[in-house]
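The values are calculated or read from the model by the stated rules, or taken from the named source; none is laboratory data. Keep in mind that what you see is a predicted model, and the values were worked out from it rather than measured. So basically every Cβ, Gly included, is an ideal-geometry build from the backbone, and we count neighbours across all protein chains shown.
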Amino acid sequence: MPVSDSLLLPLEKLISSTPHDALTINFRDPNYSVEHGGFHPVEIRLEKKAEQWTLCYITEFCFVGHGGYAELVKALDFDFNFGEFQSINGEILLDAAMDFYPIWEQNFVCYWKDLEMFEVSITAD
């Protein structure tokens, strides 16, 4: 998958001082809701192997349903460990999502870095 430096460099800067070997980074729009929409939450998992960080997955979530019956579900899941891409519509090989991924990444980086739409939290394992 063509993960670009426009995503990798800010991630590297974000985690550069951590002593941990596994991190989950959550990006949340505090205003995202069923009623008003907003920017979908994103979760990125990184694990350090042989002193090098590895991107395990990138998952974007969205609300499905209405009102009190809405659930937060996976909208998109780029699973680098298993080589699969899953969307709310089904699952395909990661290679088949190669045209889609750069567009998604460019939008995400813009929302995160340029528009500052996300609150970021990091959980270490």
Number of positions in segment 54-86 that are of a type outside the set (A, V, I, L, M), free of Cβ contacts under 8 Å to residues at least 60 places away in the same chain and within 28 Å of Asp21 (Cα to Cα): 15
Search result, residues across segment 109-121 that are in contact (Cβ under 8 Å) with a residue 40 or more places away in the chain and either in contact with an Asp or Glu (Cβ under 8 Å, 6 or more places away or on another chain) or over 16 Å from Leu8 (Cβ atoms) (or both): Tyr111, Met117, Phe118, Glu119, Ser121
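Here is a yes/no grid of residues against (1) modelled with pLDDT of 90 or more; (2) among the hydroxyl-bearing types (Ser, Thr, Tyr); (3) touching a Pro at 6+ places or on another chain (Cβ under 9 Å); (4) closer than 16 Å to His40 by Cβ:
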| residue | (1), (2), (3), (4) |
| --- | --- |
| Gly65 | yes, no, no, yes |
| Glu71 | yes, no, no, yes |
| Ser87 | yes, yes, no, yes |
| Glu91 | no, no, no, no |
| Asp95 | no, no, no, no |
| Tyr101 | yes, yes, yes, yes |
| Phe108 | yes, no, no, yes |
| Trp112 | yes, no, yes, yes |
Residues that are within 18 Å of Cys110 (Cβ to Cβ) and either among the small types (Gly, Ala, Ser) or surrounded by 16 or more Cβ atoms within 10 Å (Cβ to Cβ) (or both), drawn from segment 15-35: Ile25, Phe27, Arg28, Asp29, Tyr32
Among residues of segment 56-103, those that are within 24 Å of Asn31 (Cα to Cα) and buried (at least 16 other Cβ atoms within 10 Å of the Cβ), counted: 9
Matching residues, segment 1-53, being within 14 Å of the chain's Cα centre (by Cα) and either part of a strand (DSSP E or B) or among the basic types (Lys, Arg) (or both): Leu23, Thr24, Ile25, Asn26, Phe27, Arg28, Val42, Glu43, Ile44, Arg45, Leu46
